[in-house]
Amino acid sequence: MSEKSHECSRRRGAEGSDGCSCGNASTQPWPSSVKYLSLTECTPSIAAALTHLASGPAKLHQGASDGQALPSSAFKTEPRFTNTLYGRLDARGAAIRLLRITPGGPTDPLHGSLEVANLDQPPAYDALSYTWADDQGDKSLKETIFLGQQYTPLPITSNCSAALRNLRRRETQVVLWVDSVCINQYADDERSHQVGLMGRIYSLARSVIIYLGEDSYRGKSTGEKVMDRIDYIWHGQLSLTGSYWGQDNLDTDFVDFFSRAYFSRLWIIQEIALAREAWVVCGSWRLNWTLFGSHNLKGLEVRNYIPSWIHHVLGGPRDRDLKQFAELLIATSGCQASDARDKVFGLLGLSREATELALVPDYSRSLREVYMGTAALLLQQGVADLVFTAAAASDRSLEKGIPGWVPLWNNPMTVSQQDLIQHLIPLLHWLYSR
């Protein structure tokens, strides 16, 4: 069994090894709303490709290899128990599974049951936001939760196990949506459909539980200390300067705290932005998420340690139009996702307009198809300026077989303004000559 995280990772679609073989596509192009032209040749150069905007992704499925070995699913062979553990969900509806955790003590085995719910009439539940890997980067499925009356074992990561144990109660049941447990990770079609519902899952949850891990991180017990300081500062009872907590310790502890893998994970953008209410859990501490962006903190040195996307999420709209969606793709280009396709799929819950134009998760598509299809849709919907800028800012050496007019959404866009202008000259010339 692979130890690579499959955090919604999928098997790549069938790909050929040649260039855009226009006229021989074996599948419908993605997304279906984009109007493509059937040309005899497709060129990867920016200027020529933009002259015939739709020619690049005309036959995506048989295009060149994207040059990246996408992470394979941690579940390669479907075990027999999934047939009984996971009943088939309606792929066209709003059905999801929820995990009901059995009460227990700290050392008791994890046990729970799965029940089907409908988002059109959702019951009360909380949604878990976490990372698959622990603070050592371990993504292996070495822990177990037992499900149902037959105590069917389901492998989970150690960080998922720690989160469920932290949230479990001694006397009452806890109802959660947890991606690795509630989605049948062996069924590609179900995963695609459930990822498409994640925007609703997190927005309809009673609250989103942000699990950062236990107090210790990389051998240092700083988690609860930082949570304690943020709580005091928010209530106006403590300054970040002074003898109570020296500046040297402040620098080190806050850097360690916000260096946790959680704060660089792409999926949390959607999970937090759509939450009715979000709570940060670290060890025995629990704080409301809004404290991390409160005005009490913004005027103090702590603002230098909080990732910039946090303020972007707290201040941004819950539903973004296509232009705002493109801006978000660029702003989060430095965030991490184990599957590069999730740099697009992981943000779709924040743009109803994008999903209405058939930009929906489909893990049968290759990385090349997803990035080209996203760029083509944005271009044809009038968001050319942002697409051109992002494409020019992308490091083309990172991906092979993706045309130069397509932004590499998984590449942090940090080129200098001078280099950017040089790249944009032929594009601007083409635009103004039309």
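Derivation of every value follows stated rules applied to the coordinates shown; laboratory data play no part. Everything numeric here is computed off the predicted structure, so don't read it as measured data. Cβ sites come from the backbone with ideal geometry, for glycine too, and all protein chains shown count toward neighbours.
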* Structure fact -> Rounded to the nearest whole number, the per residue volume of the convex hull around the C-alpha atoms of the range 82-205 in Å³ is 109
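With a/c under 1.5 counting as rounded, go ahead and sort the range 113-154 into rounded, prolate or oblate using the C-alpha gyration tensor (a ≥ b ≥ c being the square roots of the eigenvalues; past the cut-off, prolate if a/b is larger than b/c, else oblate).
Numbers: a/c = 3.98, a/b = 1.41, b/c = 2.83.
It comes out oblate by the Cα gyration axes.
Loop only per DSSP, at most 13 neighbouring Cβ atoms within 10 Å: give me the trypsin sites (Lys or Arg not before Pro) in the range 325-408, ordered by residue number.
On the way: sites: R341, K343, R352, R365, R368, R396, K400; in loops: R341, R365, K400.
Within the range 325-408, the qualifying trypsin sites (Lys or Arg not before Pro) (loop, at most 13 other Cβ atoms within 10 Å) are K400.
Measure up K142/K323; K225/K323; K139/K400 against 31 Å on the Cα-Cα distance and list the ones that go over. Can you show the working numbers first?
Values: K142/K323 42 Å; K225/K323 40 Å; K139/K400 28 Å.
Where the Cα-Cα span goes over 31 Å, the pairs concerned are K142/K323; K225/K323.
Report the net charge of residues surrounding E353, where surrounding means a beta-carbon distance below 12 angstrom and charges are Lys +1, Arg +1, Asp -1, Glu -1.
0
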